[in-house]
């Protein structure tokens, strides 16, 4: 049994050696398409997860008009909390803010009267609604004109990044996966042509369909497997790069460690399965013609 | 071991067999029987249908009419998954030898054995024995291009013997050989027949066929031509 399995695997390696150039094309295309589909899919998920945590870090500051009364502050807090997309609104009394500032900058604040207004720290529950939240808060009567401070640039960067990843992974990855499938299909077709005599001999002497077809299926699986391994390395590199970019944007940003072992298993498994499917499709035609 | 000839059940029965490809009729009501242990030549011009007869027996072609039986079993009733096991009962020698150019003589035979599931140990044990049986053992390490046509045909026959077949089908085995090598190959097939293997040969080489003095089934345009005595012309 093992002896026969070894025969089938060695036949697949013979085919890989014969079709070196086409094998290389198939492997690299599988790698790029799996990277774009699976790899960017993974990065997208991790960035989405991170983006959900971002509102806590990108909190919105709302400054009230000087002389706002306690009742007006309470009413403003109630109305801010009622806005869709707001998770929390915490009142920062002007005295407390001033005390903190004096502790952090004693020289600069020495001898000055408290110039700070009452403020709110607003935490978002939905990053995509940041603009609506800002506009709604700005319309409140107790809020200072231009009194809503929010890091729009950071939010837009994240949002655009996510959109780009989704587009790149979906469109380009899908197209390349089809291309990779065609390349694997053609590689197997060429192997079948190159090995027509072996195929005929196998069939003449009574080799089973499984024995005749298995070397070709293994070859397709090897294309996918190698492509999957390469894709995993590309995803790992992208993960490291993105982590560095996010770290430069926010000190607290962290995508965690890339599970490289699990990645190898997932990418190689997906690649091998895809390679097997493409080679079986390619073989069906040839087997119909030669049996 | 090869089965001894048995007059009770013919090995091959063709009863009004027809094979039609689209517009072409390859076999048109062909009937004959072959007993176990027989040596039979199918002769005729190109396109007469002799190769098609062998292909029906090896199930490379399905007949479209009549009955074709091997060992009492209707060949069209053999499922696709059973065809490999059917072919292991027979050895097939193609006209073009179909040897693998990049493999040595012994590797050509070993490859076929490995394809039908023989272990590496079994291959090492049986390949020299099979090569000796067809008198090509002394060229075991040669590549096909280093062999004469006759020697290449011996390798093809050796490969056909790996499953110890009871039936050997040879399609124009002397088609690419000179007269001297043709006789040599036919004598080899006759030796195998003496040991019990039923041999069916498609050939258009009248000289060789006559020299062998075996049973002849003559085909013309897909039909069996009755022997002269049956036509009342003797």
Relative contact order, percent, region B:168-227 [alpha-carbon distance under 8 Å, six or more residues apart] = 37 percent
task = Working from Cα positions, state the angle (0 to 90°, nearest 10) between the long axis of helix B:105-115 and the longest principal axis of chain B.
result = 70 degrees
task = Provide, for q = 0.14 Å⁻¹, the log10 of I(q)/I(0) from a solvent-free Debye sum over equal Cα point scatterers in chain A.
result = -0.99
ask   = Among A:258-268, B:157-167, B:206-216, what's the highest-first ranking by average C-beta atoms within 10 angstrom per residue?
value = B:157-167, A:258-268, B:206-216
inquiry  = Over region B:1-129, what is the relative contact order in percent, taking alpha-carbon pairs closer than 8 angstrom and at least six residues apart?
reply    = 22 percent
Crossing angle, helix B:149-160 versus chain B [Cα axis fit, 0-90 degrees, rounded to tens] = 80 degrees
remark   = Asserting the computed 222 nm helical MRE of chain B (DSSP H runs at least 4 long, -39500 (n - 2.57) per run, divided by residue count, to nearest 500) equals -9500 deg cm²/dmol
inquiry  = Suppose we take every Cα in region B:43-109 and form the convex hull; what volume per residue is that in Å³?
reply    = 134 Å³
request  = With an 8 Å cut-off on Cα pairs and a minimum separation of 6 or more residues, tell me the relative contact order of chain B in percent.
outcome  = 30 percent
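As a check on your grasp of the helix formula, calculate [θ] at 222 nm for chain A: sum -39500 (n - 2.57) over DSSP H runs of n ≥ 4, divide by the residue count, round to the nearest 500. Write out the running numbers ahead of the final one.
Working: 12 runs with 206 residues, N = 291.
Rounded to the nearest 500, the figure is -24000 deg cm²/dmol.
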Share antiparallel - DSSP beta bridges, the protein assembly as shown, percent rounded to 5 = 65 percent
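Can you work out the FRET efficiency for the pair residue B:178 and residue B:215, with r the C-beta to C-beta distance and R0 = 22 Å, to the nearest 0.05?
According to the calculation, E is roughly 0.30.
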Descending Cα extents along the principal axes, region B:1-124, whole Å = 46, 36, 28
Cα pair distances of chain B binned at 5 Å [whole percent] = 1, 7, 14, 18, 19, 17, 13, 7, 3, 1, 0, 0
query = Tilt of helix B:179-194 relative to the longest C-alpha principal axis of chain B, in degrees (0 to 90, nearest 10)?
reply = 80 degrees
query = Shielding of B:111-121 by partners, i.e. mean partner chain Cβ atoms within 10 Å per residue?
reply = 6
note = hull vol. (C-alpha, convex hull) per residue for the protein assembly as shown, Å³ -> 211 Å³
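No lab work stands behind these numbers, since they all come straight from the coordinates. Everything numeric here is computed off the predicted structure, so don't read it as measured data. We place every Cβ from the backbone using ideal geometry, glycine too, and count neighbours over all the protein chains shown.
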